[in-house]
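Before any comments, here is the structure.
The values are calculated or read from the model by the stated rules, or taken from the named source; none is laboratory data. The structure presented is a predicted model; accordingly, all values stated were derived computationally and were not measured. So basically every Cβ, Gly included, is an ideal-geometry build from the backbone, and we count neighbours across all protein chains shown.
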Amino acid sequence: MIAEERIPETSPLEDESLANYYSRMAKKYMRFPLKRVLSRIRALGVEEGLALDVGTGPGIFPLWIAQALTGIKFIAIDLSPAMIQEAQFNAKEMGLEDRVLFQVGSAYALPLRDKTVDLIICLNTLHHLEDPLSFFNEASRVLKEGGKFVMVDLRRDAPKPVAIFFNLLWRLMIREARARKGLWNSLKASFTLEECKKLLQRSALQGWKIYPQAIEMWIESA
Ligand SMILES: C[S@@+](CC[C@H](N)C(=O)[O-])C[C@H]1O[C@@H](n2cnc3c(N)ncnc32)[C@H](O)[C@@H]1O
């Protein structure tokens with residue numbers, strides 16, 4: 001356990017220079033996490049349709065997924081205009097601005113009609129949410145019957161030695177002083193697997209499974 005009680009993060013992610021730094025780091029280090037997410041999406045049988053990414057940051061995940069799965073169109077939202085600006089730049093750079101649409105938006109009011117989405121992803125974002133239950137309800141509202149989801153986040157109940165090891169790696173990779181405490185602070189802000197499970201049980205989202213992986217928890221369609 002990293003901390004008994006959650007310590008919410010005061011998020012600096014609307015800062016333009018940090019958003020740009022996050023974007024550069026994501027391009028450098030997210031290939032391996034992408035492979036893991038992509039393999040789960042493929043295992044769930046999603047190859048085409050409309051996908052939604054919630055808390056997209058600089059948009060690296062939906063852009064790379066859209067590159068790999070050419071039948072998918074993405075809408076990707078983030079609360080931070082600075083992140084959306086980075087994401088739009090990245091989409092243009094990759095020539096994907098017609099297939100991956102970025103817009104400022106909230107996890108609590110998804111900008112889509114009921115039952116219109118084939119796939120939802122939400123990566124490294126749950127620990128920013130004060131009210132994940134409302135987000136799970138929104139996810140359930142916009143998903144089509146049989147629609148799939150893959151959500152990944154840190155978990156505060158990760159074994160401390162494992163978390164210390166990952167934090168050491170993080171501090172070796174991250175040069176920007178303001179971001180160096182980022183992983184540990186995010187771990188402290190995250191939910192435990194049990195907390196998240198209870199929220200899922202109370203939510204309208206159906207057909208989920210949740211399981212631990214090192215310092216993360218994965219929530220996906222069963
Ligand atoms: C750690 S970043 C993850 C970015 C990206 N998914 C990734 O894995 O690289 C979390 C993002 O969630 C966004 N965020 C925080 N609260 C949000 C909310 N209520 N609705 C939508 N996005 C939110 C933040 O602005 C930030 O860009």
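For the reader, a short list of remarks on this structure follows.
- Qualifying position, being surrounded by 15 or more Cβ atoms within 10 Å (Cβ to Cβ), over 29 Å from Glu194 (Cα atoms) and either free of Cβ contacts under 8 Å to residues at least 12 places away in the same chain or among the charged types (D, E, K, R) (or both), among Glu9, Glu86: Glu86
- Of the helices (runs of 4 or more DSSP H) lying entirely inside region 1-105, those containing at least 2 residues that are touching a Phe, Trp or Tyr at 6+ places or on another chain (Cβ under 6 Å) are 60-68, 81-93.
- Qualifying residue in region 115-129 (condition: modelled with pLDDT of 95 or more, more than 9 Å from the ligand (Cβ to nearest atom) and assigned to a loop (DSSP other than H, G, I, E, B)): yes
- From Val104, Val162, Val100, residue being β-branched (Val, Ile, Thr) and surrounded by 19 or more Cβ atoms within 10 Å (Cβ to Cβ): Val100
- Taking helices (runs of 4 or more DSSP H) as the structural unit, those lying wholly within region 145-222 and holding at least 2 residues that are touching a Pro at 6+ places or on another chain (Cβ under 8 Å) correspond to 193-202.
- Boolean, Asp157 is acidic (Asp, Glu), over 30 Å from Arg24 (Cβ atoms) and in contact with an Asp or Glu (Cβ under 8 Å, 6 or more places away or on another chain): yes
- When Gln103 is tested against (1) under 25 Å from Phe32 (Cα atoms); (2) more than 9 Å from the ligand (Cβ to nearest atom), just one condition goes unmet, and that condition is (1).
- Within region 13-56, restricting attention to residues that are modelled with pLDDT under 90 and surrounded by fewer than 14 Cβ atoms within 10 Å (Cβ to Cβ), the residue that is nearest to the chain's Cα centre (by Cα) is Glu14.
- Among the residues making up region 131-157, those that are over 17 Å from the mean Cα position of the chain (by Cα) and either basic (Lys, Arg) or within 17 Å of Ala189 (Cα to Cα) (or both) are Arg141, Lys144, Asp157.
- Among the residues of region 51-61, none qualifies, meaning not one is out of contact with any Cys (no Cβ under 9 Å at 6 or more places or on another chain), of a type outside the set (Gly, Ala, Ser) and more than 10 Å from the ligand (Cβ to nearest atom).
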